[in-house]
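These notes are about the structure you will find just below.
The values are calculated or read from the model by the stated rules, or taken from the named source; none is laboratory data. A quick note: this is a predicted structure, and the numbers were derived from the prediction, not measured. Counting neighbours? That spans all protein chains shown, and the Cβs are built from the backbone with ideal geometry, glycine included.
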Amino acid sequence: MIPELPPEQRVERAPSQPITSAVGEPSALAVLRNRPFLLLWLSQAATQIGGNMVIFGLTFIIFSSTNSSAAVSGLLLTFLVPSVLFSAVAGVYVDRLDRRRILVVTNLIRAAAFGAMLLVGDHLLLLYLLNTLVAIASTLFAPAEAAMIPRLVPRSQLLAANGIFTLTLNAAFPIGFALLGGIVVNLAGAPALLMLVALLYLVAAGFCYTLPPAPPAEEGDREHPTVLGAVHDAEQAVGSTFGQLSEGIDFIRQNRSVSWSLVYLGVTASLIGVLGSLGPGFASKTLGLNPKDIVVVVLPMGFGIVMGLLLLNSYGRLLPRRRLIEGGLISLGVLIVLLSLAGPITRFLQRVQTASRLVDPSSLVSLLAVVVAIAILTGIAYAIVAISSQTQLQEDLPADVRGRVYGVLFTLISVASFVPIIVVGPIADIVGTTPVILLVGILTTLAGAASVVSHRGTSTGATLPPIAPPEPSDRMTLATEDDERRD
């Protein structure tokens with residue numbers, strides 16, 4: 001569903017060092033023995049995995065009924081646009097209401113919406129409207145869920161709690177979309193998937209109902225009536241948000257390394273949007289598969305992302321981070337180009353194998369085998385770029401501007417996700433998915449090359465995290481000076 005912000009970026013700053021329990025037990029295990037937190041986490045797992053299963057199911061329903069990439073783009077926009085429009089004020093209402101009640105009600109609303117989707121069939125407009133309702137409810141659910149974490153666990157366990165939530169958030173897409181969504185649709189059909197997800201959200205609502213109440217902090221001591229006060233606070237939130245975004249943009253302009261990190265993350269976000277829009281068309285028109293079999297591309301790509309993460313953990317410190325990012329970005333672009341040319345590559349390999357007469361080429365160099373191999377490598381390259389860029393950004397940002405720059409980042413990611421979705425879907429319906437994917441790969445390669453040229457003759461970046469300097473009187477000025485020395 002709507003991508004929820006990682007909890008550690010939405011609650012008060014957690015301790016920077018790993019915490020163990022009083023008996024030396026890792027706090028990740030200790031915090032899961034906290035029953036209220038366990039129930040909240042189970043609710044998150046059910047809604048995140050179920051939400052990603054729905055993305056797969058609705059994509060299949062809409063593409064099967066319309067055979068249009070533009071229609072799939074419209075579906076993805078119903079996920080993203082409400083998040084962009086309402087995120088600035090959602091937190092205001094969360095602070096004015098009982099958070100447990102918000103969790104329960106939003107889960108019930110989403111369960112009812114998924115149940116209603118069973119009744120509307122493939123009626124495109126009604127599916128869009130119901131999914132928009134789901135997205136709005138999710139925009140309220142996300143900050144309420146994050147705000148519950150520090151109420152349920154002691155401060156010493158916040159790091160472990162946030163880590164569990166972030167891991168679940170990252171794992172939900174490959175599990176829900178790439179694995180379970182495809183399995184359920186293939187075995188039981190899309191209506192059964194919607195019914196199963198509605199049940200998951202009902203279970204999540206039950207879990208949340210058992211949590212302790214979480215009323216507003218200063219309930220009964222408000223200057224404004226409830227409705228007028230909410231409107232007043234919402235206006236203040238929007239004004240404050242735009243002011244902080246402006247400060248973040250000013251900082252980014254003064255810090256070249258931060259600017260490039262945002263570019264890298266924006267490119268990876270846009271690629272997710274593009275491949276999400278074009279995936280069903282690519283599966284049916286290029287690979288000759290049923291649209292529901294897009295899992296054969298997404299699952300290997302998810303496996304590649306895990307491999308990329310493991311490679312970075314083992315060997316990432318051996319190379320300068322900027323070179324890792326640039327090499328990964330160029331490789332990512334080249335692999336996307338190869339993915340668009342999978343058909344010609346397969347035919348060439350089959351001719352070579354046939355001429356050599358060494359083995360039967362039918363299984364080793366089939367179109368599907370070539371696509372799976374390229375998808376795994378694409379996932380590795382994506383992980384290298386996304387994770388390294390995020391790490392570089394975290395190291396470059398002083399603490400007092402981190403929130404503002406991340407506000408710009410999430411705005412950039414939202415725009416980078418839905419702008420390509422608006423553009424590529426209709427174009428793919430006109431010229432085909434293969435030329436569009438080819439163009440995306442070329443542009444990604446050029447972005448990596450532009451980064452190399454821009455940083456030519458400058459430091460390639462540290463292979464280890466930099467040592468923190470003494471606390472200055474002006475953190476923003478110091479960060480600017482450090483960035484100029486590095487570049």
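The residues on offer are GLY163, GLY115, and the sole one that is part of a helix (DSSP H, G or I), within 19 Å of the chain's Cα centre (by Cα) and of a type outside the set (A, V, I, L, M) is GLY163.
Among the residues in the stretch 121-132, are any within 25 Å of ARG35 (Cα to Cα) and free of Cβ contacts under 8 Å to residues at least 40 places away in the same chain? No: zero hits. Restricting the stretch 101-154 to residues that are out of contact with any helix residue (DSSP H, G or I) (no Cβ under 7 Å at 6 or more places or on another chain) and among the charged types (D, E, K, R) leaves a set whose member that is nearest to VAL197 (Cα to Cα) is ARG101. If you scan the stretch 313-353, which residues turn out to be within 30 Å of ASP396 (Cβ to Cβ) and surrounded by fewer than 20 Cβ atoms within 10 Å (Cβ to Cβ)? Listed by number, the residues that qualify are ASN313, SER314, TYR315, GLY316, ARG317, LEU318, LEU319, PRO320, ARG323, GLY327, VAL334.
Of all residues in the stretch 309-351, those satisfying the criterion of being without any contact (Cβ under 8 Å) to a residue 40 or more places away in the chain, out of contact with any helix residue (DSSP H, G or I) (no Cβ under 8 Å at 6 or more places or on another chain) and hydrophobic (A, V, I, L, M, F, W, C) are LEU310, PHE348.
Residues considered: VAL72, VAL89. Of these, the only one that is farther than 16 Å from PHE177 by Cβ, at pLDDT below 95 and in contact with a helix residue (DSSP H, G or I) (Cβ under 8 Å, 6 or more places away or on another chain) is VAL89.
Checked against (1) modelled with pLDDT of 90 or more; (2) not in a helix (DSSP H, G or I), ASP122 meets all criteria but (1). Show the residue pairs that are 6+ apart or on different chains and have beta-carbon atoms under 8 Å apart, the first residue being within the stretch 181-198 and assigned by TED's automatic domain parsing to the domain that holds ILE61, the second being assigned to a helix (DSSP H, G or I) and of a type in the set (S, T, N, Q). Pairs that qualify, where the first residue is assigned by TED's automatic domain parsing to the domain that holds ILE61 and the partner is assigned to a helix (DSSP H, G or I) and of a type in the set (S, T, N, Q), are GLY181/ASN52.
Taking the condition surrounded by fewer than 21 Cβ atoms within 10 Å (Cβ to Cβ), more than 21 Å from the chain's Cα centre (by Cα) and modelled with pLDDT under 90, does ALA28 pass? So ALA28 fits the description; yes.
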